[in-house]
Each structure stands twice: as structure tokens, then as C-alpha cells.
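Asker: Okay, handing you the structure first.
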């Protein structure tokens, strides 16, 4: 048994490290100005992801058959500063390794799909570099033993996601939308960072195993911060408006980020803090309420979208809301199964999205007639008036864009005021005087307009 545990530990490490090796190889080639040819990039991705999939499958099978115990691997300390230690430790439970398996399998599938899809595209190497970065970041989220290692993977996923939304850099709209998504990510990531600092303060360690040992008030505080941190990437209300804009990226990245893996990192993070959720009914109620509201919002708004990618994107958010509801009700096994099955199904749907018109034509040929949508009568009764108002409300996406726009404007004005005061005091303390400070404050604030 100990020999099998040792082999499983090595396999778990290799499943996580191999995408990092691919990232290093591609990154160095691009850095020196000699990126590998497309064929070599595809071969590198196929080899690393296939090997990682084999190792992850073996570990997952052993854990599922209970031949293996949950795996813990300590790879040493990366940083040690006074009482803080950034430990490179991995923990492989069945749920974590299942998410790792999904990550490697679906990223490999998208990589194979993208080889002809992005053939001779100017951003070909950049796309694959960000894809392997995503694989590595999600692997850390899946099996990182400490909240600091999970946070590192969380940031890698957020950065690669924003860069892929802004993949078409020659167009202003994708860049603006990528910045919007990145801004929402950074806003909610503050909660995860504060949870990391608070956990180290209360427990003296950042290990996720210590969550169940916190006193009630501390665990409630840490849990609430983690729930807030999980809201951004899951597009939970009110942070949903970035999702339709994320469809500016290529279809393969939309499939892997907003249909399969990145968006499901949100409920998966909640599955990793179940000891805290079990202690606090109020926290479970918050998760249940947010999930219900998000599912209702996404299901209504998704029905009035006019393009298939946005429809599928809102459908993904609705399912993520349902998974949050399962977690809030304590049905963790159902939530895990829902997460895994929905990730696979939504990946297939988004990858098939460009063929939708072809599929429709084939269906019409098979039926021998046009495929028509059901028609609703437009009467003047109370029900018709309510339907029109609800349609307007859904078409405006519950006015969440305006709400976030107002909050962003207030935050920017506040930060600009703080910046102006800081410049003024720095000038005064430097001997220049307040008037000179006002003359020096000529930097225009950066504004990002969403379309």
C-alpha cells in the first residue's frame, strides 16, 4: 500500500508539473523570438496533456476504488519570511483529482480542436501559451493544499482568461471587455486575498485543513471572504455582466473558460471549504440565495439573447447558480456530479456552436420543411403587458450593467481623489508646496468604456 501511495504521489506531481514544462518551453521560444512551428506546438501539447491525463486517471481510479488514500505531497518551501511559509504542498482528494482530470482532459481536447481552427492565425502561439497557463493554474486550484497556492492558481486563471477575452488586440471592443473582466476578477480576488491573510492570522498556517479548526467567528469571517472571492469567476449576481462580453474571444477559449472549467472553479472553491459551510447555516443560506438569484437571472436573460455563444454562456451561468444551490443545501456529492457532467456537455456545445447553421440546414432537409419557433399572441390584456415588461427587463439584463457602471464611476472618482491628495501631500512634504502639487497633478485618469 505504501508503495502504491508513493507511485500515486509521483503521478500527481507529474500531472500538475507537465503543463508547466510546456508553458516554459513555449514561453522561452516566444521570448527569444523563435517560437516553435505550429506542428511542434501541437505535438508538445498532445504529449504533455496525454501524459498528465494518464497520471490523473490512474490516481482518480485508485481513489475511486479506495485502493489509495487521499494523497499529500510536500515539495518544500518556496518562500519563508518570519512566521510565514509559502509551502509547495499538494493534496489529492477524490473531488480535487476529478477536477484535475477534467482540466487536463478538456484542455487537451480544446488544444486538439484549436490546431486547425487557429491555423496560421497571428495569435496562434499566444493562444496555446495561455491555454497551458490555464491548465497549470486550474491544476493548482484543484490539488493545492494551501490557500496561498490555490490563490496563485486563481490569479493565473484570471490573467489568462482576461488576455484571451482580449485575444483580438487590433479591435477596441475585445480589449475593453477583457479589461472589464479583469477588473471584476481583481475586485472579488480581494476577498480571497483577505481570506488568505486572515487564515494565516487566526490559524498560523494557510493549509485548507485548518479551516475546520477555527473558532466560529473566525471561520465565519474567512468563509464569507472566500464566498465573495468565488463570485467573480462564477459570474454570480451582481458580477454577471462581464460574461457576455467574454464571448469576444475565440470559440475554443470560450468553451474551456466560460463553459467548462474557469467558470466552474467558483463552485469548486466552495466545495473545498465545506468544513466552514457545515458550521454556519447563515453562510449556507447566503450561498443558496446567491445561487438562486443567479440561476433566475441567467435563465431569463439567456432566453432573449440573439447569438448562440451568449445563449450558451448564460446557460452556463444558470447551471453554476444551480450548483451553488446544491452546495448551499449541503448536497456536495450532487454538486460534484453536476459540475463534472455540465463541464463536459457545455464544452461540446460551444465547440459545436460554429456548426449550428449547418446542423439547422441538415435538420430542415431531414424534416422537409422549415423549423419554426412557437409564436405568441400580442394581445392587450394584463398578461401581455406583464410579458412585455419582463421581456424589456430581461433584454436590459436586469440593468446590472448600469449598476456596475455607477459603482465603477464612484470607485474611480474616490480613487482619483485619494491619488490627488497623495500627490499633494507628497509635494508638500518634499518642499514644493500645495500649489505646486496641484500643478503637477496633470495625469488623466484611465477610463475603460464597455460597449
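The values are calculated or read from the model by the stated rules, or taken from the named source; none is laboratory data. Computed from a predicted model, the values in this text were never measured in an experiment. As a convention, Cβ positions derive from the backbone with ideal geometry for all residues, glycine included, and neighbour counts pool all protein chains shown.
Asker: Out of (1) surrounded by fewer than 18 Cβ atoms within 10 Å (Cβ to Cβ); (2) part of a helix (DSSP H, G or I); (3) assigned by TED's automatic domain parsing to the domain that holds residue 51, what's the single condition that is false for residue 129?
Answerer: (1)
Asker: Among the residues in region 94-115, are any part of a loop (DSSP other than H, G, I, E, B), touching a residue at least 40 places away in the same chain (Cβ under 8 Å), surrounded by fewer than 24 Cβ atoms within 10 Å (Cβ to Cβ) and out of contact with any strand residue (DSSP E or B) (no Cβ under 8 Å at 6 or more places or on another chain)?
Answerer: Looking only at region 94-115, we keep the residues that are part of a loop (DSSP other than H, G, I, E, B), and these are none.
Checked region 94-115: no residue is part of a loop (DSSP other than H, G, I, E, B), touching a residue at least 40 places away in the same chain (Cβ under 8 Å), surrounded by fewer than 24 Cβ atoms within 10 Å (Cβ to Cβ) and out of contact with any strand residue (DSSP E or B) (no Cβ under 8 Å at 6 or more places or on another chain).
Asker: Also: Only one of 256, 323 is part of a helix (DSSP H, G or I), closer than 21 Å to residue 142 by Cβ, assigned by TED's automatic domain parsing to the domain that holds residue 210 and more than 12 Å from the chain's Cα centre (by Cα); which?
Answerer: Details: 256 fails: more than 12 Å from the chain's Cα centre (by Cα).
After ruling out the rest, the residue left standing is 323.
Asker: Here's another thing I want to ask about it. Restricting the search to region 21-71, which residues are outside any helix (DSSP H, G or I) and touching a strand residue (DSSP E or B) at 6+ places or on another chain (Cβ under 7 Å)?
Answerer: Initially, region 21-71 is screened for residues outside any helix (DSSP H, G or I), giving 32-37, 65-71.
70, 71 - these are the residues of region 21-71 that are outside any helix (DSSP H, G or I) and touching a strand residue (DSSP E or B) at 6+ places or on another chain (Cβ under 7 Å).
Asker: One residue is enough: does region 208-215 have a residue meeting the conditions buried (at least 17 other Cβ atoms within 10 Å of the Cβ), touching a strand residue (DSSP E or B) at 6+ places or on another chain (Cβ under 9 Å), at pLDDT below 90 and not in a helix (DSSP H, G or I)?
Answerer: Step one: list which residues in region 208-215 are buried (at least 17 other Cβ atoms within 10 Å of the Cβ), which gives 208, 210-211, 214.
Add one more test, that the residue is touching a strand residue (DSSP E or B) at 6+ places or on another chain (Cβ under 9 Å), and what stays is 208.
Applying the additional criterion that residues be at pLDDT below 90 yields 208.
Still in the running and not in a helix (DSSP H, G or I): none.
No, because not a single residue in region 208-215 is buried (at least 17 other Cβ atoms within 10 Å of the Cβ), touching a strand residue (DSSP E or B) at 6+ places or on another chain (Cβ under 9 Å), at pLDDT below 90 and not in a helix (DSSP H, G or I).
Asker: Separate question: Just a yes or no: is a residue in region 190-203 over 30 Å from residue 161 (Cα atoms) and touching a residue at least 60 places away in the same chain (Cβ under 8 Å)? Let's see the steps before the verdict.
Answerer: Taking region 190-203 and keeping what is over 30 Å from residue 161 (Cα atoms), we get 201-203.
So of that shortlist, the ones also touching a residue at least 60 places away in the same chain (Cβ under 8 Å) come out as none.
No: zero hits.
Asker: Here is a further query. State which residue pairs qualify: first residue touching a residue at least 40 places away in the same chain (Cβ under 8 Å) and outside the structural domain of residue 195 (by TED's automatic domain parsing) and inside region 222-239, second residue part of a helix (DSSP H, G or I) and surrounded by fewer than 21 Cβ atoms within 10 Å (Cβ to Cβ) in any location, beta carbons under 8 Å apart, and separation of 6 or more residues or different chains.
Answerer: none
Asker: Among the residues of region 396-428, which ones are loosely packed, with under 12 Cβ neighbours inside 10 Å, over 30 Å from residue 304 (Cα atoms) and modelled with pLDDT under 80?
Answerer: Matches in region 396-428: 410, 413, 414, 415.
Asker: Any idea which residue in region 77-93 is farthest from residue 42 (Cα to Cα), counting only those that are in contact (Cβ under 8 Å) with a residue 12 or more places away in the chain and not in a strand (DSSP E or B)?
Answerer: 83
Asker: Look at residue 74 and say whether it is modelled with pLDDT of 85 or more, farther than 20 Å from residue 22 by Cα and assigned to a strand (DSSP E or B). Before the answer, list the steps.
Answerer: On the way: modelled with pLDDT of 85 or more: yes; farther than 20 Å from residue 22 by Cα: yes; assigned to a strand (DSSP E or B): yes.
Here the answer is yes, as residue 74 does meet what is asked.
Asker: Tell me, please, whether a residue that is at pLDDT below 85, in contact with a helix residue (DSSP H, G or I) (Cβ under 6 Å, 6 or more places away or on another chain) and in a helix (DSSP H, G or I) can be found in region 194-202.
Answerer: Pass one, region 194-202, residues at pLDDT below 85: none.
No, because not a single residue in region 194-202 is at pLDDT below 85, in contact with a helix residue (DSSP H, G or I) (Cβ under 6 Å, 6 or more places away or on another chain) and in a helix (DSSP H, G or I).
Asker: Can you tell which of 188, 205 is surrounded by fewer than 19 Cβ atoms within 10 Å (Cβ to Cβ) and either in a loop (DSSP other than H, G, I, E, B) or in contact with a helix residue (DSSP H, G or I) (Cβ under 6 Å, 6 or more places away or on another chain) (or both)?
Answerer: Numbers: 188 fails: surrounded by fewer than 19 Cβ atoms within 10 Å (Cβ to Cβ).
The conditions single out 205.
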